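Engineer: Below you will find the structure I want to go over with you.
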Amino acid sequence: MLAPQVDTTADDIAEMEVRGAATIARAAAEALEAQARASEADTPAAFREDLRAAARRLRDTRPTAVSLPNALRYVLNEVDGDSVEELREATVEASQRFRAQLERAQDDLGAIGANRLRDGDTIMTHCHSTDALACVEAAVDDGKEIEAIVKETRPRKQGHITARQLREMDVPVTMVVDNAARRYLDDVDHVLVGADSIAADGSVINKVGTSILAVAARERGVPVMVAAQTLKLHPDTLTGHTVEIEMRDESEVLSDEERADIGDVTVENPAFDVTPPRYVDAIVTERGQFPPESIVTLMRELYGEGTSEPWAEE
Ligand code: RUB
């Protein structure tokens, strides 16, 4: 039986009430803990099946951010024990350990990323990334003056969240519409974005619009820095799989009223895009910063040659 918190969390992720790769991972791990606590299974096999079913429900919400399956895998692979009570305890502990690691990784990544930012620098952001903002926060805590040009990020305008959080850090913010980015790149020292997934060849999968920004930044000579904890490394890409790009509802782009006015058009609404490694200067992780082409070494070290699907039905 699925715990109610699993259903609620899955709905929240699907509807983007909970969003952003790291936040989704944390919520998924919390939901597995809730499932373990609520499970009424009376045999270890039934308990494990409950947990797998919960993981499947969470896994099926959004396809692009690999932090979600990586979080589920981390917790499920640590669940060991001979009785339901032992399994329950192991799940709770694994979930809590995962969340503590996530927080530590973001702090460590922030400290490393802050070293790339100098006093007086201006950054340009796209979407909202907690990993990227951890770098700014660490730089500000070091006493550096940082300014930000924040892209609105259509269609969901996650730039507003970024702007609010930067203002909470007292960082001066200039908000621009996405199409104005190139005009302002000359005023910028770094493009700073997060990632939903990093592929084995160093490609960065992030909010749609990242790739066009990175291409424009390269043309203007502005370095592109991607803040992504190792939880964003996509192990399936080691064996040649590509990362699925989520297509979202048309209504995020055109309201019913606008559609009625325009007439019959096809709307495409990809949530993410792929930035090739040649447009990325550095991937900043909690384990150090890497040129994108060398990230595969770290990926192999952390994930081996392939991955399991511990949530699969038996
Ligand atoms: C969010 C997005 C963020 C990454 C990284 O997309 O693309 O840049 O998830 O975020 P959405 P974080 O709003 O569609 O979830 O650094 O917080 O993991």
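The values are calculated or read from the model by the stated rules, or taken from the named source; none is laboratory data. If you're wondering where the values come from, they're calculated on a predicted model, not measured in any experiment. Here Cβ is always computed from backbone atoms with ideal geometry, including for glycine, and neighbour counts include all displayed protein chains. Areas reflect the complete protein model, heavy atoms only, side chains present, ligands, DNA and RNA absent. Shrake-Rupley method; radii C 1.70, N 1.55, O 1.52, S 1.80 Å.
Engineer: Out of curiosity, is Ala216 farther than 14 Å from Cys127 by Cα, within 16 Å of the ligand (Cβ to nearest atom) and open to solvent by 10 Å² or more (accessible area, probe 1.4 Å)?
Structural biologist: So Ala216 fails the test.
Engineer: Let me ask something else. With the structure loaded, tell me whether Leu109 is touching an Asp or Glu at 6+ places or on another chain (Cβ under 7 Å) and within 15 Å of the ligand (Cβ to nearest atom) or whether it fails that test.
Structural biologist: Working: touching an Asp or Glu at 6+ places or on another chain (Cβ under 7 Å): yes; within 15 Å of the ligand (Cβ to nearest atom): yes.
When the stated conditions are applied, Leu109 passes them.
Engineer: Something else about it: Which one of the conditions (1) charged (D, E, K, R); (2) within 14 Å of Val188 (Cβ to Cβ); (3) not in a loop (DSSP other than H, G, I, E, B) does Asp131 fail to meet, given that it meets all the rest?
Structural biologist: Unmet for Asp131, out of (1) charged (D, E, K, R); (2) within 14 Å of Val188 (Cβ to Cβ); (3) not in a loop (DSSP other than H, G, I, E, B): (2).
Engineer: Is it true that Ala134 is more than 16 Å from the ligand (Cβ to nearest atom) and either crowded, with 24+ Cβ neighbours inside 10 Å or assigned by TED's automatic domain parsing to the domain that holds Val75 (or both)?
Structural biologist: no
Residues are listed down the side, and each one gets a yes or a no for (1) under 24 Å from Pro292 (Cα atoms); (2) of a type in the set (Gly, Ala, Ser); (3) part of a helix (DSSP H, G or I); (4) open to solvent by 20 Å² or more (accessible area, probe 1.4 Å):
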{"site": "Asp107", "(1), (2), (3), (4)": "yes, no, yes, yes"}
{"site": "Gly110", "(1), (2), (3), (4)": "yes, yes, yes, no"}
{"site": "Ile123", "(1), (2), (3), (4)": "yes, no, no, no"}
{"site": "Pro155", "(1), (2), (3), (4)": "no, no, no, yes"}
{"site": "Thr162", "(1), (2), (3), (4)": "no, no, yes, no"}
{"site": "Arg183", "(1), (2), (3), (4)": "no, no, yes, yes"}
{"site": "Val191", "(1), (2), (3), (4)": "yes, no, no, no"}
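Engineer: Additional query: Tally time: how many residues in the stretch 45-63 are of a type outside the set (D, E, K, R), open to solvent by 20 Å² or more (accessible area, probe 1.4 Å) and touching a helix residue (DSSP H, G or I) at 6+ places or on another chain (Cβ under 6 Å)? First the steps, then the outcome.
Structural biologist: Of the stretch 45-63, the ones of a type outside the set (D, E, K, R) are 45-47, 51, 53-55, 58, 61, 63.
Narrowing further to those that are open to solvent by 20 Å² or more (accessible area, probe 1.4 Å): 45-46, 53, 61, 63.
In the following step, the residues that additionally are touching a helix residue (DSSP H, G or I) at 6+ places or on another chain (Cβ under 6 Å) were identified as 61.
Qualifying residue count for the region: 1.
Engineer: List every residue pair whose Cβ atoms lie under 6 Å apart, where the two residues are 6 or more positions apart in sequence or sit on different chains, the first residue falls within the stretch 194-207 and is farther than 17 Å from Asn70 by Cβ and part of a loop (DSSP other than H, G, I, E, B), and the second residue, located anywhere, is more than 6 Å from the ligand (Cβ to nearest atom) and of a type in the set (Asp, Glu).
Structural biologist: From the stretch 194-207, the pairs are Gly202/Glu293.
Engineer: Read through the list (1) farther than 24 Å from Glu15 by Cα; (2) away from the ligand (no atom under 12 Å from the Cβ), then give the number of the only condition that Val226 fails.
Structural biologist: In the conditions (1) farther than 24 Å from Glu15 by Cα; (2) away from the ligand (no atom under 12 Å from the Cβ), Val226 misses (2) alone.
Engineer: Taking Ala199 as the residue in question, decide whether it is over 22 Å from Ala114 (Cβ atoms), under 18 Å from the mean Cα position of the chain (by Cα) and within 16 Å of the ligand (Cβ to nearest atom).
Structural biologist: Criteria met by Ala199.
Engineer: Checking the conditions here, which among Glu286, Glu257 is open to solvent by less than 60 Å² (accessible area, probe 1.4 Å), in the same structural domain as Ile212 (by TED's automatic domain parsing) and not hydrophobic (A, V, I, L, M, F, W, C)?
Structural biologist: Glu286
Engineer: Considering each residue of the stretch 262-275, count those that are open to solvent by less than 40 Å² (accessible area, probe 1.4 Å) and on the phi < 0 side of the Ramachandran plot, and give that number. Please lay out each step first, then the result.
Structural biologist: So the first thing to find is which residues in the stretch 262-275 are open to solvent by less than 40 Å² (accessible area, probe 1.4 Å), and the list is 263, 267, 269, 271-273, 275.
Those still in the list that are on the phi < 0 side of the Ramachandran plot too: 267, 269, 271-273, 275.
Within the stretch 262-275, residues that are open to solvent by less than 40 Å² (accessible area, probe 1.4 Å) and on the phi < 0 side of the Ramachandran plot number 6.
Engineer: Limited to the stretch 289-313, what total is found for residues that are among the aliphatic types (A, V, I, L, M) and open to solvent by 40 Å² or more (accessible area, probe 1.4 Å)?
Structural biologist: Total satisfying the criteria: 2.
Engineer: Something else about it: Given the condition open to solvent by 40 Å² or more (accessible area, probe 1.4 Å) and among the hydroxyl-bearing types (Ser, Thr, Tyr), answer yes or no: does some residue in the stretch 242-253 qualify?
Structural biologist: For the stretch 242-253, residues open to solvent by 40 Å² or more (accessible area, probe 1.4 Å) and among the hydroxyl-bearing types (Ser, Thr, Tyr): present.
Engineer: It is to be established whether one or more residues within the stretch 64-71 are modelled with pLDDT of 95 or more, open to solvent by 20 Å² or more (accessible area, probe 1.4 Å) and hydroxyl-bearing (Ser, Thr, Tyr).
Structural biologist: So far as the stretch 64-71 goes, no, none of its residues is modelled with pLDDT of 95 or more, open to solvent by 20 Å² or more (accessible area, probe 1.4 Å) and hydroxyl-bearing (Ser, Thr, Tyr).
Engineer: Further, regarding this structure: Based on this model, can you work out whether Thr91 counts as β-branched (Val, Ile, Thr), within 16 Å of the ligand (Cβ to nearest atom) and not in a strand (DSSP E or B)?
Structural biologist: no
Engineer: Okay, moving on. Which residues, taken from the stretch 27-44, are farther than 13 Å from Leu76 by Cα and surrounded by fewer than 22 Cβ atoms within 10 Å (Cβ to Cβ)?
Structural biologist: Ala34, Arg37, Ala38, Glu40, Ala41, Asp42, Thr43, Pro44
Engineer: Within the stretch 1-37, which residues are near the ligand (Cβ under 9 Å from one of its atoms) and in contact (Cβ under 8 Å) with a residue 40 or more places away in the chain?
Structural biologist: Ile13, Met16, Arg19, Gly20, Ala21, Ala22, Thr23, Ile24, Ala25
Engineer: Let me ask something else about it. Among Val150, Val176, Val140, which is the only one that is surrounded by fewer than 17 Cβ atoms within 10 Å (Cβ to Cβ), under 24 Å from the mean Cα position of the chain (by Cα) and free of Cβ contacts under 8 Å to residues at least 40 places away in the same chain?
Structural biologist: None of the other options fit; the residue is Val176.
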